[in-house]
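The values are calculated or read from the model by the stated rules, or taken from the named source; none is laboratory data. Nothing here was measured: the structure is a model prediction, and the numbers come from that model. Here the Cβ is made from the backbone with ideal geometry for all residues, glycine too, and neighbour counts use every protein chain on show.
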Amino acid sequence: MNNNQFSNIKQQKLAKERTAFNNCRSDMSDVSFEIGKSSYTAKIFGFIALFAILFGARIILRQFIGNPDMTFSAGDIIFWSCIGVIIVLVIVTFIRENNKPVISVSGKSLFYNGDCWSDSDISCVKCTKWFERVEVYSNGKKVLTFPWELDNSELFIAWVHKCGIVFEDSRMKAFQ
């Protein structure tokens, strides 16, 4: 994913964040959504692993043609060890993301991992600058954190604004 595509996705999320729930009921009984599990982290690791495997296959083909006894140098062993570590990271990241409990919003309530917070229970929501993580606080204690890159996270921020919850926005302004 190039920088322009990332910028377009970010612009779309920000536009949706500004306009979502403009026409919902005042009690928000018609609002219901889940914050998705898909994140770019596992996809980026996957693309790195795919590139490395294709690059490594090219190296093996060259060695096979010019080196029939298939001896591997120390550089080859280090390279394939790195590829193995990346593949393990991809698998662990996908498993970890798929096993996370779902974050859902229904009306003026937030649900996560068996816990429920109403809009009056949430004291503050912050969006951090560097990794753009959304942090939810209840009574001064952080109760939930998730990346802004997740599907429907922009709807969550629109929900926060609509409910009148304090929102501290420290996101990088470069793409806004």
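Here are a few things to note about the model shown:
- Within segment 89-99, the only residue that satisfies the criterion of being in contact (Cβ under 8 Å) with a residue 40 or more places away in the chain and either assigned to a strand (DSSP E or B) or exposed (fewer than 13 other Cβ atoms within 10 Å of the Cβ) (or both) is ASN98.
- For segment 150-171, a residue qualifies if it is in a loop (DSSP other than H, G, I, E, B) and out of contact with any Asp or Glu (no Cβ under 7 Å at 6 or more places or on another chain), and the qualifying residues are LEU150, ASP151, GLY164, VAL166, SER170.
- Test result for GLY66, more than 21 Å from ARG171 (Cβ to Cβ), modelled with pLDDT under 75, exposed (fewer than 12 other Cβ atoms within 10 Å of the Cβ) and small (Gly, Ala, Ser): yes
- Of the candidates SER26, SER81, the single residue that is among the hydroxyl-bearing types (Ser, Thr, Tyr), over 28 Å from the mean Cα position of the chain (by Cα), exposed (fewer than 11 other Cβ atoms within 10 Å of the Cβ) and at pLDDT 80 or above is SER26.
- Residues that are hydrophobic (A, V, I, L, M, F, W, C), over 19 Å from LYS16 (Cβ atoms) and outside any loop (DSSP other than H, G, I, E, B) within segment 120-149 comprise CYS124, VAL136, VAL143, LEU144, listed in sequence order.
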